[in-house]
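To start, the structure under review is shown below, and the notes come after it.
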Amino acid sequence: MNHKIAPSVLAADFANIQRDVELINNSEADWFHIDIMDGVFVPNISFGFPVMKAIKKHAAKPLDVHLMITDPDRYITAFKKAGADVLTVHYEACTHLHRTVQAIKAEGMKAGVALNPHTPVQVLKDVIEEVDLVCLMSVNPGFGGQKFIRNTFNKVRELKEMILESESTALIEIDGGVGTDNAKLLVDCGADVLVAGSSVFNAENPVKTISQLKKLETIVKSS
Ligand code: DX5
Ligand code: ZN
């Protein structure tokens, strides 16, 4: 399967949001990754519905919405209305994860579950067949621009095995610290979707970087 690239809008220029959305429209990117933070589940606040609706208005590709919020069940319908195509909740934020996943799918969205770096992939064993996407956090959620946690490679391999052993069609998404230095290895381990924020928007040529991520060209920057 061809892997997908989902640039994270969190790293875009919010004063020029239409310009940056058009940039992604005109690139080889597959999805828009939208990070919603509530200041409770994670120690940061990002943006809410007005900004998301503004992005949706110009976006020509699916919105992959990552909810870093407590009790996400309260907002499932609202995120559908705001234009989410994939809605991902955190395992750590859901007491009744199976029910939450069903509620997302009942709204006609793809259902994703995100795992924090400390959460083992095995916790998803009994729900994996219901899930459309698993987002492995490769940094602690809350901020862009953090260093990739290398244990993620092991988690991708383990999750891939779990998916292959079950009837699941879940995609494996990697979020945090992804760039041209680690994209190829992640896909080789079994990743299907790569989220990239700062490595795309801080690049001199974001469209070119997206293309390199799509082609899995390995470019290691000297630090
Ligand atoms: C982190 C967010 C990420 C973030 C990734 O909490 O979930 O999506 O935007 O940013 P980079 O690619 O800069 O690590
Ligand atoms: Zn994210």
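The values are calculated or read from the model by the stated rules, or taken from the named source; none is laboratory data. Bear in mind that the values here come from a model prediction, so they are computed numbers and not experimental data. Cβ: placed from backbone, ideal geometry, glycine included. Neighbour counts: every protein chain shown.
Some notes on this structure:
- Looking only at region 138-165, and only at residues there that are among the aromatic types (Phe, Trp, Tyr) and assigned to a loop (DSSP other than H, G, I, E, B), the one that is nearest to ligand 2 (Cβ to nearest atom): PHE143
- Contacts under 6 angstrom Cβ, first residue in region 61-90 being more than 15 Å from VAL101 (Cβ to Cβ), partner of a type in the set (D, E, K, R) and part of a loop (DSSP other than H, G, I, E, B), 6 or more apart: PRO62/ASP85; LEU63/ASP85
- Where a residue in region 145-156 is among the charged types (D, E, K, R) and its partner, wherever it lies, is in a helix (DSSP H, G or I), with Cβ under 8 Å and at least six apart: LYS155/VAL121
- Residues of region 17-40 that turn out to be acidic (Asp, Glu) and within 13 Å of ligand 1 (Cβ to nearest atom), as a count: 2
- Some residue of region 27-41 being closer than 22 Å to GLY142 by Cα, over 18 Å from the mean Cα position of the chain (by Cα), modelled with pLDDT of 95 or more and part of a loop (DSSP other than H, G, I, E, B): yes
- Annotation note: Cβ proximity below 7 Å between a residue of region 37-50 that is free of Cβ contacts under 8 Å to residues at least 40 places away in the same chain and a residue that is among the acidic types (Asp, Glu) and part of a strand (DSSP E or B) (sequence gap 6+ or interchain) occurs for ILE45/ASP38; SER46/ASP35.
Matching residues to (1) surrounded by fewer than 18 Cβ atoms within 10 Å (Cβ to Cβ); (2) charged (D, E, K, R); (3) within 14 Å of ligand 2 (Cβ to nearest atom); (4) not in a helix (DSSP H, G or I):
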position	(1), (2), (3), (4)
THR77	yes, no, no, no
VAL89	no, no, yes, yes
THR95	yes, no, no, yes
HIS98	yes, no, no, no
LYS105	yes, yes, no, no
ALA111	no, no, no, yes
VAL123	yes, no, no, no
LEU136	no, no, yes, yes
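- Summed over region 164-223, the residues that are of a type in the set (Gly, Ala, Ser), more than 10 Å from ligand 1 (Cβ to nearest atom) and touching a Lys or Arg at 6+ places or on another chain (Cβ under 6 Å) give a count of 1.
- Within region 197-209, the residues that satisfy the criterion of being in contact with a helix residue (DSSP H, G or I) (Cβ under 6 Å, 6 or more places away or on another chain) and either part of a loop (DSSP other than H, G, I, E, B) or touching a residue at least 40 places away in the same chain (Cβ under 8 Å) (or both) are GLY197, SER198, VAL200, PHE201, ALA203, PRO206.
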